[in-house]
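Below is one structure, written out as structure tokens; the observations come after it.
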Amino acid sequence: MKPFGKVTSKTVAVATSNVDTDQIIPARFLTTTDRDGLGDAAFRDWRFDKEGNTLDHPINDIDPDTHNILIAGDNFGCGSSREHAAWALDAFGVRAVISSSFGDIFKSNAVKNGLLPVEVDEATLDLLLSTPDRELTIDLEEEEIRFGNHVVSFATEPFARRCLLQGADPLSVLMDAVCDIEAYERENGKAL
Amino acid sequence: MTGKTLFDKVWERNLVRDEAPDSPAILHVGLHLIHEVTTPQAFQVLAERGLKVRRPDLTLGTIDHSVPTLPAGKDGRLPYATTAAENQIDTLRTNCALHNIVLLDLDDPRRGIVHMVGPELGRTHPGTVVVCGDSHTSTHGAFGALAFGIGTTEVGHVLASQALFQRKPKTLRIVFDGTTAPGVTAKDMALTVIARLGMDGGTGYVLEYAGEAVRALSMEGRMTLCNLSIEAGARAGMVAPDQTTFDYLAGRPGIPEDWDAAIASWSELYSDDDAVFDKEITIDAATIVPMVTYGVSPHEAAPVNGNVPAASNANASEALDYMGLSGGEELSAIAVNRVFVGSCTNGRIEDLRQVAGLLRGKRVADHVSMLVVPGSAAVKKQAEDEGLDKVFVTAGAEWREPGCSMCIAMNGDKGAPGEVVVSTSNRNFRGRQGEGVRTILASPATAAASAVVGRLADPRQLEVT
Ligand code: SF4
């Protein structure tokens, strides 16, 4: 898995609340059998009109090298469980999303793809939304974000944090537990 | 010691390893449902790592999201929206064959939307964990299962191990006191809950629906209620199993061999009187009326005979702009272009009977096109055996083959930009039913009444035959 340690970047702010995963990647792009190549599909209908002309939207400022931290309104990533949303954001160049809350399944998907959801209080979010294009550092080791003279701490689920910092793969950890899973099945009349 | 909630009991029954500060719990999965859209990349991970599907017997595949609902053409070919969609379905066939997973393919009389087939086949069991790469997996909670949607990486985890990592969520009980009025359905109960909780009021919680009005619901109604839990942010919603549950499951092919032992064990699944919930809300069931949405998220819902609420912030006014509505407008004045009846929310036989009851002897308004899509092949057959298909067609609606259809608009069934679609599905997100489409969520009864009137309509004003 792609590790996440520390990221320093300029921010892009989208104040919209409840950005659902249908906005992050519309369903018509879900017929792929690959994880890769979904960058063009990210926020497709925010970025382009039906004819493919670029629309004026702050999300266009995302740049993997310079502007890879997205600040978004509350409840980002709600709705559909499609992991394509995390894949598309990653391919589009987003390394982390800062909001005051996230859709549960999106959050769980994001961390498995080296994309960090950072939950901050509403006052911090409002400040960041109102001052886009500012340099900000996200430090997962210290669990804090730093910008200007602000230091704001955040919490991450400890297992996800460990996997992100080490680039470790949760599936290997789960496969190490197969003995326990088998024992559970035997004891509970669920074995084959 | 305080009592346990329904959720606590189900959680404990499926716990392989308890959670610790630095590691989540490991939960055993009793049923893993898979479909074409969220699985190819999971099987790819298995292939890359040389892993097998550990329990094909606890895995069930179906094809639903991008399947055409029109029959095959003269050349015998189904009208797929794209070759990519067809290829994705073929990929699922290959993967299921390779791993000995039963796939309910398009010619299988048991096939249907993923959340229809589990219950219909008796594979959704109370007290187990049911997962699927689909957020409306919460549907199966109607049986007292802990059922929730997962991402594709986790689909891979479950395929390989039949278990998954999970942090214990909080619990929220929603008690419906008293009974609902005639003409009020489970969909209206759900939209009332979502409007009350907001779009993220349930985030981090498992919901338990309880109270007299829930006990009075059929399994179909309970499934509708649990299905919509995710629209309030809750990954799972549950109803304690009871005689209604057992009667529904009895005789279905996938039920446990020792039925009496199963009933005895399932009968213990309820929240103890002294159980403590992290949060609890009570709703007076008698006050619930037919509800419709007016915005771009399911929580933006109001009584169909009321008005569009004024926008209170920038997000809400953007939503009204998208919908072409303004605050204060009467909802019943909204003209309708299209009506969709179907989906895992409201594509069951009970839903179709309600629609038929309102359409019988009437006609869909001239400027409205109406699509009725059964949720499964079994529902389609049942409806045809009852002659409901004739009622729909005589009224001027189209009767289709089963699938997700306009719920997600991946298969070519969709609305045109700017159209108002009254839909019995679950999401009114921007563009969900086609670019620029304005979706209004409603119950099957409200959808049928609106089709006949040509404007949003309260089904209680129409005669049922
Ligand atoms: S009917 Fe809609 S919500 Fe249900 S599984 Fe299909 S796409 Fe998902």
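The values are calculated or read from the model by the stated rules, or taken from the named source; none is laboratory data. Just so it is clear, the model here is predicted, and its values are computed rather than measured. As a convention, Cβ positions derive from the backbone with ideal geometry for all residues, glycine included, and neighbour counts pool all protein chains shown.
Quick notes
- Every residue from the stretch B:386-411 that is within 14 Å of chain A (Cβ to nearest Cβ), within 25 Å of residue B:454 (Cβ to Cβ) and outside any helix (DSSP H, G or I): B:409
- Conditions (1) at pLDDT 95 or above; (2) over 18 Å from the mean Cα position of the chain (by Cα); (3) more than 11 Å from every other protein chain (Cβ to nearest Cβ); (4) not in a helix (DSSP H, G or I): number failed by residue B:165: (3)
- Any hit, the stretch B:83-100, residues being touching a residue at least 40 places away in the same chain (Cβ under 8 Å), under 30 Å from residue B:445 (Cα atoms) and crowded, with 23+ Cβ neighbours inside 10 Å: no
- The strands (runs of 3 or more DSSP E) found wholly in the stretch B:87-151 and carrying at least 3 residues that are within 14 Å of the ligand (Cβ to nearest atom) occupy B:129-132, B:146-149.
- Within the stretch B:62-78, one or more residues are buried (at least 23 other Cβ atoms within 10 Å of the Cβ) and of a type in the set (A, V, I, L, M, F, W, C).
- Meets criteria (away from the ligand (no atom under 16 Å from the Cβ), β-branched (Val, Ile, Thr), surrounded by 15 or more Cβ atoms within 10 Å (Cβ to Cβ) and part of a helix (DSSP H, G or I)) for residue B:45: yes
- Residue match in the stretch B:349-363 (condition: buried (at least 23 other Cβ atoms within 10 Å of the Cβ), away from chain A (no Cβ under 14 Å) and within 16 Å of the ligand (Cβ to nearest atom)): yes
- Odd one out for residue B:420, checked against (1) more than 16 Å from the ligand (Cβ to nearest atom); (2) surrounded by fewer than 21 Cβ atoms within 10 Å (Cβ to Cβ): (2)
- Considering residues of the stretch B:302-324 that are hydrophobic (A, V, I, L, M, F, W, C) and farther than 17 Å from residue B:433 by Cβ only, the residue surrounded by the most Cβ atoms within 10 Å (Cβ to Cβ): B:304
- Hey, residue B:153 crowded, with 18+ Cβ neighbours inside 10 Å, over 30 Å from residue B:259 (Cβ atoms) and more than 9 Å from every other protein chain (Cβ to nearest Cβ) or not: no
- The set of residues in the stretch A:24-35 that are surrounded by fewer than 23 Cβ atoms within 10 Å (Cβ to Cβ) and within 16 Å of the chain's Cα centre (by Cα) contains only A:35.
- When each of B:26, B:63 is tested for being within 14 Å of chain A (Cβ to nearest Cβ), within 16 Å of the ligand (Cβ to nearest atom) and β-branched (Val, Ile, Thr), the lone residue that passes is B:63.
- Helices (runs of 4 or more DSSP H) contained in the stretch A:79-166 and holding at least 2 residues in contact with a strand residue (DSSP E or B) (Cβ under 7 Å, 6 or more places away or on another chain), surrounded by 19 or more Cβ atoms within 10 Å (Cβ to Cβ) and within 11 Å of another protein chain (Cβ to nearest Cβ): A:104-111
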